[in-house]
Amino acid sequence: MKEITTPDFTDAIGNANEINELLRRFGVKFGIYKNGEFKEQFFPFDPIPRVIDAEQFADIENGLIQRVDALNSFLYDIYHDKKIVRDGIIPEDFIYISSGYLAQCEGITPKNKIYSHISGIDLVQGKDGEWYILEDNLRIPSGASYPLIARELTRIASPDAFRKNNIVDNRNYADLLCETMEYVNCGGIRAILTPGRYNAAYFEHSYLAEHTGSILVRSDELFVEDNILWHKTYSGQKTRIGVLYRRISDEYLDPLTFLPESLIGIPNLMEAYRSGNVGIINAPGNGVADDKGIYYFVPKMIKYYLGEEPILKNAPTYLPFYEDDRKYVIDNLDRLVIKDVAEAGGYGVVFGSDMTAEKLGNLKDMILSQPRRFIAQEVIDFLDLPILDDGQTVMRKADLRAFVLSGETTRVWASGLTRFSRNPDSFVVNSSQGGGFKDTWVRSL
Amino acid sequence: MKRIYFYFSTKLTFDDYVHEHSFALRVIPPETRTQHIVSCELSISPITAVNQTVDAFGNKVTAGYIKGDHRFLDFEIKGTAETDCTRHRTDHLPCYLYQSGFTKPSDGLKALYEQAAAELHTDNITDRVAHFSEVLSEKFTYRKNVTTAHTTAAEAFAAGAGVCQDFSHIMLSLLRMNGIPCRYIAGLAFCDGETHSWIEYFEDGCWKGFDPANNCLVNEDYLVLSQGRDFGDCAIDRGVMFGSYTRQLQLVRSVMKAS
């Protein structure tokens, strides 16, 4: 296999500013709320791609497919027979205290039993070369559109890089997504539901709608009548929607089932869904499977549902809920990373090594009084990737969000969102914490 | 077994015309082991097509959509049922053991629980339920217009008084702290001009009814309309509508008598 040499994408690097300018013009932004105020941030693109060779990616692929299949089995089980709880694999508390568990979804069977149609699985590569799963995102993982548009622009800026190297074309994401949507279509058109342009991922909503040939809608354009979801057309007619890729969270989805104060939901959507008249991507209630506390149990799920050994490892994780783990966590708090299971987007993540003795003491008290609320993990010394900073190449921490799509079969998109921290001392790469992104090149054999 | 006649009506009147009105009603009493529905007729005005589904908690949901302008929504049920409190329901969900949106205890409720639990000298679930209700009826007064439909157990307890819904929520909170699975019931009862609320607790694989507002066991004078973790799962009517002015006036009337 030919090595990828830097000169093959020097054009891209030389054009980094132009690419970033184009991204800015296309509105590739990331919105965040800080102190109650909405701010749109440019999501900085770094032109040096992360390169993963074919063999390594094949391993990751197998591991991800296995993991997502087990998670889908788990979700079906939890909302039906609950065998994994009855068999004592997962303590009941972890399911029913989780804010992601929605009792309103009990007994609902989504079309073809798929709950997580689009899974965003976050991984990191350790310095030993081993890949570890950091987090599963099974609700509404965002990010696929960023490497997609970056690839489009890089191909224009640096066509030679793609002519000379065997890189798997990642522009099939829209086709994969389309097939995934069609597999659970209950009869009608495809629609992507956005809360509107003030949402952090609005660029992505519009981009994916355009590229999958779905209509981009807000909730006030939709209504449920006769247990069917309809789109109001400009001429006053109505068109039936067969599958809804919603980009709003569960709690806001239907004000007659969940939060009554929701203004961005569709009344009686859940009745249409329960009756099998519309597919919802991803299924409501998935949060019970990507809860930071449930993460600990995913390797056990793989063994339980599939009878297989997990191919990809979890980061070593401790649950203070268990007495042995609690003692270990308290004794080693100053070198562990502690995560609050209720928070997302890099919030509620603290490193023991950064904390003063007083703060460590407070955290210990909190863990002892609310052990279910936290998980603790060993800090993985993960691989640094080169990024361009003012013309210089510097090394920064980076992770990878891989996208797994579950339709007739489960498939992994041969690309992914590589996020890096711009702060040399930080391990937190979330875009909401000011990081940037790279394209991810998977080499073909 | 007792044969009863039931009637329940709600009139919603809006201050101005509303449109694109979606609603979900939970008013049709379910057929269960403890109540046989001999007949039940639902009428809705303005006349509109509706769909029936069954939700996660086993409630019959009547969903509808009124597109055009209207100033009211009236619905009523009437029918005959046979109730039998010698039999019990068995449909269970594990979530009934855990605190839910309306029942999360405050420090005040926790203190009440600790105090009540310290006086407990029995493992028998029915006796424990009776004890908690006894304590509750000493600390909490029945009074209207203190709380609203959105008041939580913690808020109601802090206010010191409330209606049947508040009694049920506080009771659920106490029982769940004690590890007893229990659920909220919305229904109709004798001697009540509106809807009533009580609770059910799970013992020996079946549900038993208890009325905390009246501090007594449920008998054949009670008709279940819906059940869930708390009021949030059982609201008789929920609706979303558009209009410049959607304030509404609600009139409710119910009748239950021996048939």
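The values are calculated or read from the model by the stated rules, or taken from the named source; none is laboratory data. None of the values given here were measured: they were computed from a predicted structure. Ideal geometry is used to build each Cβ from the backbone, glycine not excepted, and the neighbour counts take in all protein chains shown.
Could you tell me whether any residue of the stretch A:145-165 is modelled with pLDDT of 95 or more, assigned to a loop (DSSP other than H, G, I, E, B) and more than 14 Å from chain B (Cβ to nearest Cβ)?
No, the stretch A:145-165 has no match at all.
On the basis of being within 12 Å of chain B (Cβ to nearest Cβ), closer than 29 Å to B:Arg176 by Cβ, in contact with a helix residue (DSSP H, G or I) (Cβ under 9 Å, 6 or more places away or on another chain) and not in a helix (DSSP H, G or I), does A:Ile95 make the cut?
No; evaluated as a whole, the condition is false for this residue.
Take the residues in the stretch A:299-311 that are surrounded by fewer than 21 Cβ atoms within 10 Å (Cβ to Cβ) and among the aliphatic types (A, V, I, L, M), then tell me which one is nearest to A:Tyr115 (Cα to Cα).
Step by step, filter the stretch A:299-311, then rank; the result is A:Leu306.
Taking the stretch A:354-378, which residues are touching a strand residue (DSSP E or B) at 6+ places or on another chain (Cβ under 9 Å), modelled with pLDDT of 90 or more and either part of a helix (DSSP H, G or I) or surrounded by fewer than 16 Cβ atoms within 10 Å (Cβ to Cβ) (or both)?
A:Lys359, A:Leu363, A:Met366, A:Ile367, A:Glu378 - these are the residues of the stretch A:354-378 that are touching a strand residue (DSSP E or B) at 6+ places or on another chain (Cβ under 9 Å), modelled with pLDDT of 90 or more and either part of a helix (DSSP H, G or I) or surrounded by fewer than 16 Cβ atoms within 10 Å (Cβ to Cβ) (or both).
Scan the stretch B:205-239 residue by residue and report those that are free of Cβ contacts under 8 Å to residues at least 60 places away in the same chain and acidic (Asp, Glu).
If the condition is that a residue be free of Cβ contacts under 8 Å to residues at least 60 places away in the same chain and acidic (Asp, Glu), then B:Asp211 is the only one that fits.
Considering the stretch A:139-149 alone, what residues qualify as being in contact with a helix residue (DSSP H, G or I) (Cβ under 7 Å, 6 or more places away or on another chain) and either of a type outside the set (S, T, N, Q) or over 14 Å from A:Tyr173 (Cα atoms) (or both)?
A:Arg139, A:Ala144, A:Leu148, A:Ile149
Where the second residue is not charged (D, E, K, R) and the first is at positive phi and lies in the stretch B:12-37, which pairs have Cβ atoms under 8 Å and are six or more apart or on separate chains?
B:Glu20/A:Phe223; B:Glu20/B:Tyr65; B:Glu20/B:Ile66; B:Glu20/B:Met241; B:Glu20/B:Phe242
Each row is one residue, and each column tells you yes or no for (1) outside any helix (DSSP H, G or I); (2) under 19 Å from A:Pro147 (Cα atoms); (3) acidic (Asp, Glu).
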position	(1), (2), (3)
A:Pro49	yes, yes, no
A:Tyr76	no, no, no
A:Val85	no, no, no
A:Ile90	yes, no, no
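Hey, among the residues in the stretch B:233-259 that are assigned to a strand (DSSP E or B) and within 13 Å of chain A (Cβ to nearest Cβ), which one's nearest to B:Glu194 (Cα to Cα)?
Checking each candidate, the answer is B:Asp237.
Of all residues being away from chain A (no Cβ under 14 Å) and of a type in the set (Val, Ile, Thr) in the stretch B:63-120, which is nearest to B:Ile170 (Cα to Cα)? Just the residue, please.
Here the answer is B:Thr90.
Which ones in the stretch A:98-118 are in contact with a Gly (Cβ under 6 Å, 6 or more places away or on another chain), more than 11 Å from chain B (Cβ to nearest Cβ) and assigned to a helix (DSSP H, G or I)?
A:Lys111 - this is the single residue of the stretch A:98-118 that is in contact with a Gly (Cβ under 6 Å, 6 or more places away or on another chain), more than 11 Å from chain B (Cβ to nearest Cβ) and assigned to a helix (DSSP H, G or I).
Restricted to the stretch A:277-298, and to residues that are small (Gly, Ala, Ser) and within 14 Å of another protein chain (Cβ to nearest Cβ), which residue is surrounded by the fewest Cβ atoms within 10 Å (Cβ to Cβ)?
The selected residue is A:Gly285.
Please go through the stretch A:223-276 and pick out each residue that is more than 10 Å from chain B (Cβ to nearest Cβ), assigned to a loop (DSSP other than H, G, I, E, B) and in contact (Cβ under 8 Å) with a residue 60 or more places away in the chain.
A:Arg247, A:Ile248, A:Ser249, A:Ile264, A:Gly276
Can you tell which of B:Asn215, B:Asn219 is in contact with a Cys (Cβ under 8 Å, 6 or more places away or on another chain), surrounded by fewer than 21 Cβ atoms within 10 Å (Cβ to Cβ) and within 16 Å of B:Val129 (Cβ to Cβ)?
Just a single option satisfies the conditions, and that option is B:Asn219.
Identify, by number, the condition in (1) surrounded by 22 or more Cβ atoms within 10 Å (Cβ to Cβ); (2) not in a helix (DSSP H, G or I) that A:Leu208 doesn't meet.
Here A:Leu208 clears every test but (2).
Determine which single condition A:Ile121 fails, assuming it passes every other condition in (1) under 20 Å from A:Lys292 (Cα atoms); (2) in a loop (DSSP other than H, G, I, E, B).
Result: A:Ile121 fails condition (2) only.
For the stretch A:69-99, give me the residue count where each residue is acidic (Asp, Glu) and at pLDDT 95 or above.
Adding up the residues that qualify gives 4.
Kindly indicate whether any position in the stretch A:241-255 is touching a strand residue (DSSP E or B) at 6+ places or on another chain (Cβ under 8 Å), assigned by TED's automatic domain parsing to the domain that holds A:Leu176, of a type outside the set (Val, Ile, Thr) and farther than 24 Å from A:Asn185 by Cβ.
Yes: one or more hits.
Exactly one of (1) more than 30 Å from B:Leu175 (Cα to Cα); (2) modelled with pLDDT of 95 or more is unmet by B:Ala49. Its number?
Unmet condition: (2).
Only residues that are surrounded by 15 or more Cβ atoms within 10 Å (Cβ to Cβ), within 20 Å of B:Pro181 (Cα to Cα) and free of Cβ contacts under 8 Å to residues at least 60 places away in the same chain: list them for the stretch A:68-106, please.
Listed by number, the residues that qualify are A:Lys82, A:Val85, A:Glu92, A:Tyr96, A:Ala103, A:Glu106.
Of the residues in the stretch A:46-104, how many are closer than 22 Å to A:Glu251 by Cβ and among the charged types (D, E, K, R)?
So the answer is 1.
Checking A:Thr418 against (1) out of contact with any Lys or Arg (no Cβ under 9 Å at 6 or more places or on another chain); (2) in a strand (DSSP E or B); (3) buried (at least 19 other Cβ atoms within 10 Å of the Cβ): exactly one of these is not met. Which one?
Evaluating A:Thr418 over (1) out of contact with any Lys or Arg (no Cβ under 9 Å at 6 or more places or on another chain); (2) in a strand (DSSP E or B); (3) buried (at least 19 other Cβ atoms within 10 Å of the Cβ) leaves (1) as the failure.
Taking A:Leu216, is it of a type in the set (A, V, I, L, M, F, W, C) and in a helix (DSSP H, G or I)?
Answer is no for this residue.
Do you know which residues across the stretch B:77-93 are closer than 16 Å to B:Gly179 by Cα and either without any contact (Cβ under 8 Å) to a residue 60 or more places away in the chain or loosely packed, with under 14 Cβ neighbours inside 10 Å (or both)?
B:Leu93
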